[in-house]
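The values are calculated or read from the model by the stated rules, or taken from the named source; none is laboratory data. Quick caveat: nothing in here was measured; it's all calculated off a predicted structure. Please note: Cβ atoms are built from the backbone with ideal geometry, for glycine as well, and neighbour counts cover all protein chains shown. Quick note on the areas: whole protein, heavy atoms, side chains included, nothing else; ligands and nucleic acids left out. Shrake-Rupley method; radii C 1.70, N 1.55, O 1.52, S 1.80 Å.
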Amino acid sequence: MIELKSEFLRTLSERGYIHQQTDAESLDRCANSGIVTAYIGFDATADSLHVGSLVQIMMLRRLQQAGHRPIVLMGGGTTKVGDPSGRDESRQLLTDEQIGANIAGIREIFGHYLRFDDSPSGALMANNDDWLSGLMFIPFLREIGRHFSINRMLTMDSVKLRLEREQPLTFLEFNYMILQGYDFVELNKRYGCILQMGGSDQWGNILQGVELGRRVRERELFGLTSPLITTGSGAKMGKTASGAVWLSGKRRSAYDYWQFWRNTEDGDVGRFLRMFTDLPLAEISRLEQLKGAEINEAKKILATETTRLCHGDDEARKATDTAAKAFTGIAAEGLPTMTLGPDAQMSVIDAVVQLGMAASKGEARRLIEQGGVKLNDRTVPTAAATVSAADLDERGTARLAVGKKRHGLIKRG
């Protein structure tokens, strides 16, 4: 492992963004000696991005914070083709009007994370439809297509997995990686862009662009990917029972967004604070050491900081206040309550029965095994789980819920 000298790559490394890169030493040298222009591509398949894209958004933010220039490349052209990466079937083709409306919605989101201006590090939003739609097909294939080996393209995960599952892959989609590689070359030509970043599923496509830049423009280009982000329980980041966690307030309220982060699993708090907030690393180190009920305070900070970035200070403050009032409201509604001694511990099964939220221990066990019981907004993972004084918050209370309608309170005795 080389000693990183540039602020940009050090930050990416310290905060857990780096999975693969093509030439860390050379890229570090470029980032330490001048302004690096880098891009990440986003297809315009909806009028909002979701939490699954937040790692890439934050990477562009880290780039700009370190004094470099980020390019948000909107796939106005490639959206007409459809990225086959990670998909079992073709995407629905959108009209030009739908794509334009989606790009406008996504532009609003990026305005919260990046600074768009004419300064050397000012962010730029480009649209690959500006050059892709004007290509003449035969000349393009002669000039660019000859640099792509069909043998190698068939080994790419985005192609190989679809074929192995005997799912259809259209010739239109098959050309996606050629167009993406060409995007990198075109951005290098227009803006001096030397780095493409993306998720780990884009590694093969990024390498094609790096190699195409060497062959067509005789330029050294770089690639860097982030790891696939999953929760401690193995779930894909941003996927919930109710669907995608959208970044647009038109699709998901700031309060619901706050609640999503408040419900982070204990073991993910430190990692998510590093990746998705601007808090100093020393403060994050302190917060991730909290145990028991105290970890809930770190989760509230995570929720507030992520909501502040996505929705602004006012909405984050409102979400925090609403959450506090909601708890107070539940506590004041005469819900069934039980007490717990300072050193006492009991099974969640017994607590559910004692609070009258299940008729028997057998029913309580089944509810837990079906994922229907929550303690302090966290799903109880096993029927062997217990509740103790460590689960009580600073007010000396803990919340137990069965489904959406049955609630109970556990108080310090």
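Residues in the range 1-59 that are open to solvent by 20 Å² or more (accessible area, probe 1.4 Å), in a helix (DSSP H, G or I) and within 15 Å of ILE106 (Cα to Cα): GLY52, SER53, GLN56.
Looking for whichever is farther than 23 Å from LEU54 by Cβ and in a helix (DSSP H, G or I) here; the options are LEU187, LEU169, LEU161. Which one fits? Give the derivation first.
Values: LEU187 fails: farther than 23 Å from LEU54 by Cβ; LEU169 fails: in a helix (DSSP H, G or I).
Residue meeting the stated conditions: LEU161.
Every residue in the range 309-320 that is buried (at least 21 other Cβ atoms within 10 Å of the Cβ) and either touching a Gly at 6+ places or on another chain (Cβ under 8 Å) or more than 13 Å from GLN259 (Cα to Cα) (or both), please. Write out each step before concluding.
If we filter the range 309-320 for residues that are buried (at least 21 other Cβ atoms within 10 Å of the Cβ), which is where we start, we get 310-311, 316, 319.
CYS310, HIS311, listed by residue number.
Listed by first and then second residue, the pairs linking a residue in the range 293-306 that is open to solvent by 20 Å² or more (accessible area, probe 1.4 Å) to a residue that is not in a helix (DSSP H, G or I), with Cβ atoms under 6 Å apart and 6 or more places separating them unless they lie on different chains, are GLU305/THR277.
When only residues in the range 100-142 that are in contact (Cβ under 8 Å) with a residue 60 or more places away in the chain and of a type outside the set (A, V, I, L, M, F, W, C) count, which is farthest from SER53 (Cα to Cα)? If you could, list the steps in order and put the result at the bottom.
In the first step, residues of the range 100-142 are kept if they are in contact (Cβ under 8 Å) with a residue 60 or more places away in the chain; the result is 105-106, 108-109, 112-113, 120-121, 123-124, 126, 128.
Checking the rest, the ones that are also of a type outside the set (A, V, I, L, M, F, W, C) come to 105, 108, 112-113, 120-121, 128.
Numbers: GLY105: 15, GLU108: 15, HIS112: 14, TYR113: 13, PRO120: 25, SER121: 22, ASN128: 19 Å.
The extreme case among them is PRO120.
Taking the options ASN188, ASN175, ASN151, name whichever one is out of contact with any strand residue (DSSP E or B) (no Cβ under 8 Å at 6 or more places or on another chain) and within 24 Å of ILE35 (Cα to Cα). I'd like the intermediate steps shown before the answer.
Values: ASN175 fails: within 24 Å of ILE35 (Cα to Cα); ASN151 fails: within 24 Å of ILE35 (Cα to Cα).
From the options ASN188, ASN175, ASN151, the qualifying one is ASN188.
Candidates are the residues of the range 389-413 that are among the basic types (Lys, Arg) and in a strand (DSSP E or B); the one that is most open to solvent (accessible area, probe 1.4 Å) is ARG412. Of the residues ARG15, ARG10, the single one that is in contact with a Lys or Arg (Cβ under 9 Å, 6 or more places away or on another chain) and modelled with pLDDT of 95 or more is ARG15. Within the range 192-204, can one find any residue that is among the β-branched types (Val, Ile, Thr) and within 26 Å of the chain's Cα centre (by Cα)? Yes, some residue in the range 192-204 is among the β-branched types (Val, Ile, Thr) and within 26 Å of the chain's Cα centre (by Cα). In the range 251-266, of all residues being out of contact with any helix residue (DSSP H, G or I) (no Cβ under 6 Å at 6 or more places or on another chain) and not acidic (Asp, Glu), the one that is farthest from GLY105 (Cα to Cα) corresponds to ASN263. Taken over the range 118-133, the criterion of being open to solvent by less than 60 Å² (accessible area, probe 1.4 Å) and assigned to a loop (DSSP other than H, G, I, E, B) is satisfied by SER119, SER121, GLY122, ALA123, ASN128. Entry remark, the range 67-98: residues being assigned to a loop (DSSP other than H, G, I, E, B) and either modelled with pLDDT under 90 or open to solvent by less than 20 Å² (accessible area, probe 1.4 Å) (or both) number 19 in total. Taking first residues from the range 217-244 that are of a type in the set (Ser, Thr, Tyr) and partners that are open to solvent by 30 Å² or more (accessible area, probe 1.4 Å) and modelled with pLDDT under 80, the Cβ contacts under 8 Å between residues at least 6 apart in sequence or on separate chains come to THR230/LYS236. Of everything listed in (1) open to solvent by 20 Å² or more (accessible area, probe 1.4 Å); (2) in contact with a Ser or Thr (Cβ under 9 Å, 6 or more places away or on another chain); (3) not in a loop (DSSP other than H, G, I, E, B), the single unmet condition for ARG152 is (2). Within the range 211-218, the presence of at least one residue that is in contact with a Lys or Arg (Cβ under 6 Å, 6 or more places away or on another chain), open to solvent by less than 40 Å² (accessible area, probe 1.4 Å) and either under 17 Å from GLY41 (Cβ atoms) or of a type in the set (D, E, K, R) (or both) is confirmed.
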